[in-house]
Amino acid sequence: MPERLNIRAREIMDKDVLVLPRDCPVAEAVRLMAERHTSCAVVVEEDKPIGIVSERDLLPLAVRLDEGPLGPVLRRILSDEAHIFQFLKDVRKADAEVVADVMSSPVECADADATLGQLAAMMETDGYRQLPVVREGRLIGLVTRRGILRALADRT
């Protein structure tokens, strides 16, 4: 049996996290994410994560800005009852002006002392691609799926 990996979130987290205030304009968030080559930003209030904005949250903006016909897309979405509620949320996001209107909230956070296994389980169970890392409720970093895989590769 392989030896247990004793890796903690604080050891593998990215400390250079894009942090935005809730009133940051969506256009500014898009620009900053593109400049920093990051797939998400953590929205904070008094250093405490209140939401996360990911590429997925911003995709409805691209649909709104596209000049192509949306009829076939709308018919396909609306014909599947399971997608109607997601579609309605996306419509709201497409018209958003500030990140508070597009962010996923509340945001699930990992404690700095969470183990690699706990992090992986949180991501797998809830489908997260990244988790803000907190110490005493304050943001100190971000763990991604890629970071977990790198840690596994480095230690196995």
Query raised in the report: Once both labels are modelled 7 Å past Cα along the beta-carbon direction, what's the D14-R31 spacing in nm?
Result: 2.1
Report summary line: Any residue on another chain or 5+ positions along whose placed amide H is under 5 Å from the amide H of G141 is listed here as V133
Report task. Would you tally the net charge around L131, using a Cβ to Cβ cut-off of less than 12 Å, leaving L131 out, and scoring K and R as +1, D and E as -1? Result -> -3
Report task. Order by neighbour count: S54, S105, fewest other Cβ atoms within 10 Å first, most last. Result -> S105, S54
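Quick note: the coordinates plus some simple rules give every number you see, no bench work behind them. Small disclaimer: the values here were computed from a predicted structure and weren't measured. Cβ atoms come from the backbone with ideal geometry, glycine included; neighbour counts cover every protein chain shown.
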